[in-house]
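The values are calculated or read from the model by the stated rules, or taken from the named source; none is laboratory data. Note that the structure is predicted; figures quoted are calculated from it, not measured. Here Cβ is always computed from backbone atoms with ideal geometry, including for glycine, and neighbour counts include all displayed protein chains. Each accessible area value is taken on the protein alone, full model and side chains, heavy atoms only, with ligands, DNA and RNA left out. Shrake-Rupley method; radii C 1.70, N 1.55, O 1.52, S 1.80 Å.
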Amino acid sequence: MTALFGLALTGRRVVVVGAGKVASRRVRRFLAEGAHVCVVAPAASDDIRRHAQHGDLEWRDREAAAADLDDAWFVLAATDDPAVNATVVSWADARRIFSIDVSDGSRGSARQAASSQHGDLAVGVVSTEGPDPARIRAVRDAVAAHIDAGGVDLRRRRAHEGRVILVGSGPGDPSLITVRGRQALSEADVVVTDRLGATELLVTVPYDVEVVNVGKSPDNHPVPQHEINALLVDRAKQGLVVVRLKGGDPFVFGRGGEEVHACLEAGVPVEVVPGVTSALSVPALAGIPVTQRQVAGTVVITSGHAGADPTAVAAMVEGATLVVLMGVNALPGIVQAGLDAGAAPGMPVAIIERGSTPQERITRTVLSDAVRSAGETGVKPPAIIVIGQVAHPELLASAAAATPHS
């Protein structure tokens, strides 16, 4: 039986002897952990050469010597020659330095697990009967996928400091939440949720997780923002992990900044998990690139709450792409301000309701006719409004036809 321990290598010297494919893969892990890596090999892969050129690691382009292990905390023997690897491991053993021999799992004093990270948890898989990398990776990947899909309850069992995690859940499709966002939901003791976003994910949380709905609609704000802030702080101060599940991205017209400030002022640890913002993803899913070479190189994102602000009007006049969130009720004022300022009446407009969901619907029109078209089709929030040449229904087809293929 092999005893398993984790080694903290951040800020510590790691020596890697060898610079081929295996060494390159392991070096990336050491760098990601923040180790000071020294590679010793007369020849190196392109990957290691580039790391050395950028100053990410030290490369000594010669054969290894025992003195290379001076001040090392960990040694990886990863050459193509088992005899050289055995010698390097013997040097490490003599100096009581943990080591791995990639060519023989029975040698060396450590085993490097195939690991995956899930928030503040790391899961590692090793074989106790010699190396079998493909098998180990297959088990690692299966376990990681199960955890990241929400199949494991990651809540803490012992008393701990409470904290708040602001999670952007994306535009609505549950599959568009980030991996870290899905992990955070598995850690939650409390979920404070909006009305929009990937709220379907809430059916997967355990029944004893408290779910507090503070969702808003255009004319109905039952829970004021200051009460939401107080709720987050109160639950966190009870020693609970509070996930604030927000639609889109927390910092794109989501008032996430206010919630972060409230937590910091109260001394509550807070983490922000960015989300896929509906301002960019919903048009993309509808086949509308908000920027397109030779069509629009600038995109302006605004909120309907801001009305026809000068930046939005300028975007329409100059032919940039204007993306309006929460703008259904403000559409008449935005359109009129643009036309009054000289925006092209024939500027394409696309209004995308409930983007990324099975209820998605797209209304295509032009600026001068946008209000009438929205009224005729009965456009309702939530909707993303895209104004600009990129909203032309034939844009992608014409661009593809005009682009030479290599």
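Things to note:
- Its Cα centre serving as origin, segment 139-277 has a Cβ charge dipole (Lys and Arg +1, Asp and Glu -1) of approximately 280 debye.
- By the Kirkwood approach, averaging reciprocal distances over each pair of separate Cα atoms, segment 8-107 gets a hydrodynamic radius of 13.1 Å.
- Carbon + sulfur, % of accessible area of segment 249-406 - ligands and nucleic acids excluded, 1.4 Å: 57
- Portion, in percent, of the accessible area of segment 1-82 that falls on carbon or sulfur, probe 1.4 Å: 50
- The distance from the alpha carbon centre of segment 183-258 to that of segment 57-126 is 45 Å, rounded to a whole number.
- Calculated [222 nm] ellipticity per residue, helices only, for the chain: -9000 deg cm²/dmol; basis is -39500 (n - 2.57) per DSSP H run with n ≥ 4, divided by all residues, nearest 500.
- For segment 255-406, convex hull volume per residue from C-alpha positions, Å³: 146
- With an a/c value of 1.5 or above and a/b larger than b/c for the gyration tensor axes a ≥ b ≥ c computed over the alpha-carbon atoms, segment 68-173 is described as prolate.
- Spacing of the two label points (7 Å from each Cα toward its C-beta) at GLU210 and ALA113, in nm: 3.3
- Per-q log10 I(q)/I(0), segment 97-253, q = 0.21 Å⁻¹ (Debye; single scatterer per alpha-carbon; no solvent): -1.30
- Across segment 186-340, Cα-Cα distances exceeding 18 Å account for 65% of all pairs.
- Cα gyration tensor, segment 196-268 - rounded (a/c under 1.5), prolate or oblate: oblate
- Taking the average, over residues, of other Cβ atoms within 10 Å as the packing measure, peptides 333-341, 72-80 rank 72-80, 333-341 from highest down.
- Globularity index of the chain, i.e. its alpha-carbon radius of gyration over 2.2 N^0.38 Å: 1.27
- Nearest-10 value in Å² for the accessible area of HIS392, using the 1.4 Å probe: 80
- Structure remark: mean-square fluctuation, Gaussian network model of the chain, C-alpha springs under 10 Å; the largest value among ALA296, ALA134, ALA122 belongs to ALA134.
- For segment 144-236: Kirkwood Rh in Å [reciprocal of mean 1/r, alpha carbons]: 14.2
- The chain, accessible area per residue, ligands and nucleic acids excluded (1.4 Å, Å²): 50
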